[in-house]
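Quick notes on the structure that follows.
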Amino acid sequence: MEENNKIPKAPSFLNKEAKDKYYNIAEMLVEEGKWKNGDDIALIALCSNYQRWVQAEKAIKANKDLCFETESGYRQQIPEISIANNAMKSMLSFIKEFSLTPRERVKLKEMMLQNSNEDEEMEDMIVK
């Protein structure tokens with residue numbers, strides 16, 4: 001993979017929904033000129049966590065009770081809640097790495113404007 005805009009094939013362990021997410025995000029990053037060699041690894045991790053999150057949320061929705069009673073009589077939340085929460089946290093950290101949240105896009109835009117202004121100031125100093 002020599003060119004930066006080639007998107008590697010999504011891994012077979014991702015389900016259709018996660019693969020669709022992989023290609024949608026990758027294509028968006030290519031269009032924005034942000035795709036680099038090696039980004040597929042982080043994107044696969046993001047989509048894997050997305051897949052796990054969706055599966056856990058579906059299991060939570062299917063379960064009538066969010067808690068169960070242990071052998072000792074204590075009520076405890078179903079494991080799917082922890083799985084969903086952990087997958088969501090991991091997914092969100094990767095989303096930030098790709099600047100896919102509104103806040104991260106604003107920060108990126110501000111940084112680009114600041115760099116542009118610094119370049120103009122430097123040009124003005126050089127010209128003078």
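Read-outs throughout are calculated quantities, based only on the coordinates presented, and are distinct from any laboratory measurement. It should be emphasised that the depicted structure is a prediction, and the values quoted were computed from it without experimental measurement. Positions of Cβ are backbone-derived with ideal geometry, glycine not excepted, and every protein chain shown enters the neighbour counts.
Determine the alpha carbon to alpha carbon distance for each of 9/36; 34/96; 61/96; 34/89; 21/64; 58/89 and list only those over 20 Å.
As for pairs spanning more than 20 Å Cα to Cα, those are 61/96; 34/89; 21/64.
DSSP loop (so not H, G, I, E, B), at most 15 other Cβ within 10 Å: list which trypsin sites (Lys or Arg not before Pro) in region 1-63 pass both filters.
Loop-located and lightly packed - 6, 9, 34, 36.
Under a crude label model (7 Å from the Cα following the beta-carbon direction), how far is residue 42 from residue 105 in nanometres?
About 1.8 nm, to one decimal.
Note down the net charge around residue 80, summing +1 for each Lys or Arg and -1 for each Asp or Glu among other residues with Cβ under 11 Å from its Cβ.
+2
Counting each DSSP H run of 4 or more residues in the chain as -39500 (n - 2.57), what helix-only mean residue ellipticity at 222 nm follows after dividing by all residues, to the nearest 500 deg cm²/dmol?
Calculated mean residue ellipticity at 222 nm is -23000 deg cm²/dmol.
Quick one: longest stretch of the chain between exposed loop GluC sites (Glu not before Pro), exposed meaning at most 16 other C-beta atoms within 10 Å and loop per DSSP?
The answer is 72-128.
If you add up the charges near residue 34, with Lys and Arg at +1 and Asp and Glu at -1, over every other residue whose beta carbon is less than 12 angstrom from its beta carbon, what do you get?
Here the count lands on -4.
Kindly write out, for region 18-35 in residue order, the coupling ³J(HN,Hα) from the Karplus curve 6.51 cos²θ - 1.76 cosθ + 1.60 (θ = phi - 60°), rounded to whole Hz, with x marking Gly and Pro.
6, 5, 4, 4, 4, 5, 4, 5, 4, 4, 4, 5, 5, 4, 7, x, 9, 7
Hey, fewest Cβ within 10 Å first, where do 39, 20 land in order?
Final ranking by Cβ density, sparse to dense: 20, 39.
State the Cα centre-to-centre distance between region 11-32 and region 80-114 in whole Å.
First find each Cα centre; the distance between them is then 16 Å.
Which loop-located chymotrypsin sites (Phe, Trp or Tyr not before Pro) does region 1-104 contain, where loop means any DSSP state but H, G, I, E or B and the Cβ has at most 13 other Cβ atoms within 10 Å?
13, 74
Relative to the Cα centre, what is the charge dipole magnitude of region 17-83, using +1 at the beta carbon of each Lys and Arg, -1 at the beta carbon of each Asp and Glu, and rounding to the nearest 20 debye?
With only Lys, Arg, Asp and Glu charged at Cβ, the dipole is about 100 debye.
Mind listing the phi-derived Karplus ³J(HN,Hα) values for region 80-87, rounded to whole Hz, using 6.51, -1.76 and 1.60 with θ = phi - 60°, and x for any glycine or proline?
For region 80-87, the Karplus-derived couplings read 4, 5, 5, 4, 4, 5, 5, 5 Hz, x marking Gly and Pro.
Taking K and R as +1 and D and E as -1, what net charge do the other residues with C-beta under 15 Å from the C-beta of residue 14 add up to?
Result for the neighbourhood of residue 14: +2.
On a 0 to 90 degree scale, rounded to 10, what angle separates helix 39-62 from the longest Cα axis of the chain?
30
Please state the charge dipole magnitude for the chain, taken about the Cα centre, from unit charges on C-beta atoms (+1 on K and R, -1 on D and E), reported in debye and rounded to the nearest 20.
The dipole magnitude comes to about 780 debye.
Among 55, 42, 98, which residue has its Cα furthest toward the positive end of the charge dipole of the chain, with +1 on Lys/Arg Cβ and -1 on Asp/Glu Cβ?
Checked the options; the winner is 55.
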